[in-house]
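The values are calculated or read from the model by the stated rules, or taken from the named source; none is laboratory data. As the structure is a prediction and not an experimental result, all values here were calculated from the model. Positions of Cβ are generated from backbone atoms using ideal geometry, with glycine treated the same way; all protein chains shown enter the neighbour counts.
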Amino acid sequence: MRDAGAGAGLDADAAVDVVVVGAGQAGLSSAYHLARAGIGHVVLDHAPRPGGAWQFRWPSLTYGRVHGMHSLPGMELTGADPLRPSSEVIGEYFDAYEERFGLRVRRPVDVSAVRAGADGRLLVESSAGTWSARALVNATGTWDRPFWPRYPGQETFRGRQLHTADYPGPQEFAGARVIVVGGGTSAVQHLLEVAEVAAETTWVTRRPPVFHDGGFGEAEGRAAVALVDERVRLGLPPLSVVSVTGLPLNEAVRAGLASGVLDRRPVFDRITPSGAAWADGSRVEADVILWATGFRAAVDHLAPLRLREPGGGIRVEGTRAVRDERVHLVGYGPSASTVGANRAGGAAVREIRRLLARERAGEPVGEPARAPVGARVG
């Protein structure tokens, strides 16, 4: 494994063709294609070791329970023990991938801001100095921005509140009364685990969960991605691909439905010091509220470029930010799945090759459109 302190001591104001921010599936895929194209680049990753967001997954999420993990381009993940934690399996795979293809990953490096430079280049400011780049691949994912909804009385709850991002596994909930909030795959996984040791579990969601039985093939996948892509094209914050595919009705989920563990209630109206309450007068006492409420895109460092649309999202055509063609978002919106990130990495590099060719020919590039009056920016 590479030295976790590799980001320290780098010269500031280093000039490269492309900076890739993030070394998860999207970042490594992009770096692979950049290397094959012979484009000079550096990858900046804030995590302490290889593995992207996978390295932070809870220990009980074994590799055999991972939903939709696709191998990176050029190197298959084979022979993995399905009973090992996914954080270990995928962390080791990403580490071997970086080694095999000689990918230049600097870690730990925190990127704080990306700004437009006076010379038409982008300035990427980080904890290890500033890089000057002709183009940027933003592959920061969502793990660093857990979404916490707000409900009346939330601050009065005397028990413990935590998010999926901090979920330690089921052992810490032994004997507790637990409310799990959220309608996604993580919420279901948490419930099925916690219910085995907790005194009581309650599942609440804003909308009735949708379970899909049978196969989820290529046609269904394309339809789901198209729904996410349409929001991004309209400049709205992206939904995750998983949010529009529904929940797989596998053997464990069937058992949870049959046992009543997955007997869902509509979300509460307020939180009380000892639990939650609904408008009809019903209450649930709880020791823990576990918020499995998803994540938002980690793009705050792009705020100086003023890429956001009035709807709150960054409008993207393919992978290219509409307001600045030098910026590519990979693993954002429709490319947030592992297979989508692979494809988007290649697509971004093809666009970047064309951009660099135009720049060498003396054409103006990267002229960001001005935000309309009243537009939300940052």
For region 73-103, name all the residues that are assigned to a loop (DSSP other than H, G, I, E, B) and of a type in the set (A, V, I, L, M, F, W, C). Met75, Leu77, Ala80, Leu83, Leu103
Any chance Ala118 is aliphatic (A, V, I, L, M), farther than 25 Å from Ala303 by Cβ and in a loop (DSSP other than H, G, I, E, B): no
Which condition from (1) in a helix (DSSP H, G or I); (2) touching a residue at least 40 places away in the same chain (Cβ under 8 Å); (3) farther than 14 Å from Ala195 by Cα is the one that Phe268 breaks? (1)
Given (1) under 25 Å from Ser186 (Cβ atoms); (2) not assigned by TED's automatic domain parsing to the domain that holds Glu172, Leu305 misses just (1)
Given the criteria part of a loop (DSSP other than H, G, I, E, B), touching a Pro at 6+ places or on another chain (Cβ under 6 Å) and farther than 27 Å from Arg320 by Cβ, does Pro48 qualify? yes
Qualifying position, being outside any strand (DSSP E or B) and more than 26 Å from Ala53 (Cα to Cα), among Pro168, Pro208: Pro208
Starting from region 80-95, keep only residues that are in contact (Cβ under 8 Å) with a residue 60 or more places away in the chain, then list their pairs with residues that are in a helix (DSSP H, G or I) whose Cβ atoms are within a distance under 8 Å, requiring at least 6 positions of separation or different chains. Phe94/Leu28; Phe94/Gly52; Phe94/Trp54
With Val322, Val261, Val284 as the choices, which residue is among the β-branched types (Val, Ile, Thr) and under 26 Å from the mean Cα position of the chain (by Cα)? Val322
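From the residues in region 108-143 that are among the charged types (D, E, K, R) and touching a Leu at 6+ places or on another chain (Cβ under 8 Å), which one is surrounded by the fewest Cβ atoms within 10 Å (Cβ to Cβ)?
The qualifying residue surrounded by the fewest Cβ atoms within 10 Å (Cβ to Cβ) is Arg115.
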If you go through Asp300, Asp287, the only one that is of a type outside the set (Phe, Trp, Tyr) and farther than 22 Å from His190 by Cβ is Asp300
Within region 152-165, work out how many residues are in a loop (DSSP other than H, G, I, E, B) and surrounded by fewer than 16 Cβ atoms within 10 Å (Cβ to Cβ). 3
Hey, does region 205-212 have a residue that's in contact (Cβ under 8 Å) with a residue 12 or more places away in the chain, over 15 Å from Val288 (Cα atoms) and basic (Lys, Arg)? yes
Looking at Ala223, Ala219, Ala255 in this structure, which one is assigned to a helix (DSSP H, G or I), of a type in the set (A, V, I, L, M, F, W, C) and at pLDDT 75 or above? Ala255
Filter region 171-205 down to the residues that are more than 24 Å from the chain's Cα centre (by Cα) and assigned to a loop (DSSP other than H, G, I, E, B), then identify the one that is surrounded by the fewest Cβ atoms within 10 Å (Cβ to Cβ). Gly175
Residue that is nearest to Tyr97 (Cα to Cα), among those in region 61-83 that are of a type in the set (Ser, Thr, Tyr) and surrounded by 17 or more Cβ atoms within 10 Å (Cβ to Cβ): Tyr63
Kindly indicate whether Gly91 is among the small types (Gly, Ala, Ser) and more than 20 Å from the chain's Cα centre (by Cα). no
